[in-house]
């Protein structure tokens, strides 16, 4: 199952130890993953019809992507419709490429990868993405797919 290959649980334990000095610090502001999903900043790929694709791809941790990645790489652009793409197939392509990048990477919390998707024209374009495995709202491991310049 993808997730344990990502190795995020051990990284989160290391982060807790490294940043323990913040334990008693006053929280000025927080923005949870759930709030980001509710606001539409993140798209929960484990919700609705897409959950089956994530499960079939072998991901055991919750997976989300930024709304910009969803709009360009997963949702149907006019060119993607002309090319006969569908949302589940486009999601599968992103997850498949991530899965292979995870298996070949030495980094356990940040994975850079590329996927060829139909965006603005019927001919696929290579798009650079990154996936981050980190703590969710309850310190559980979660995966977030985004563009390299996003955080």
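All of the numbers you see were taken from the coordinates with simple rules; none came from a lab. Just so we're clear, the structure is a prediction, and the values are computed from it rather than from any experiment. Don't worry about glycine lacking a Cβ; one is built from the backbone with ideal geometry, like all the others, and counts go over all protein chains shown.
General remarks:
- Compared with the dominant Cα axis of the chain, that is its longest principal axis, helix 8-18 is turned about 40°.
- Remark: relative contact order (the chain) = 26 percent; criterion is Cα-Cα distance under 8 angstrom and separation of 6 or more residues.
- Under the shape rule built on the C-alpha gyration tensor, where the axes satisfy a ≥ b ≥ c, the stretch 103-151 is prolate, since a/c reaches at least 1.5 and a/b is greater than b/c.
- D_trans [Stokes-Einstein, Kirkwood Rh over alpha-carbon pairs] for the chain, 20 °C, 1.002 mPa s, µm² s⁻¹: 132 µm²/s
- From helices alone, the chain scores -9000 deg cm²/dmol at 222 nm; the rule is -39500 (n - 2.57) for each run of n ≥ 4 DSSP H residues, then divide by the residue total.
- Quotient of the Cα radius of gyration of the stretch 16-90 and 2.2 N^0.38 Å, N being its number of residues: 1.50.
- Residue 56-residue 140 FRET efficiency (beta carbon distance; Förster radius 30 Å; 0.05 resolution): 0.90
- Using alpha-carbon coordinates, inclination of helix 87-104 to the longest axis of the chain, degrees: 50 degrees
- Against the compact-protein benchmark of 2.2 N^0.38 Å, the Cα-based radius of gyration of the stretch 63-151 scales to 1.10.
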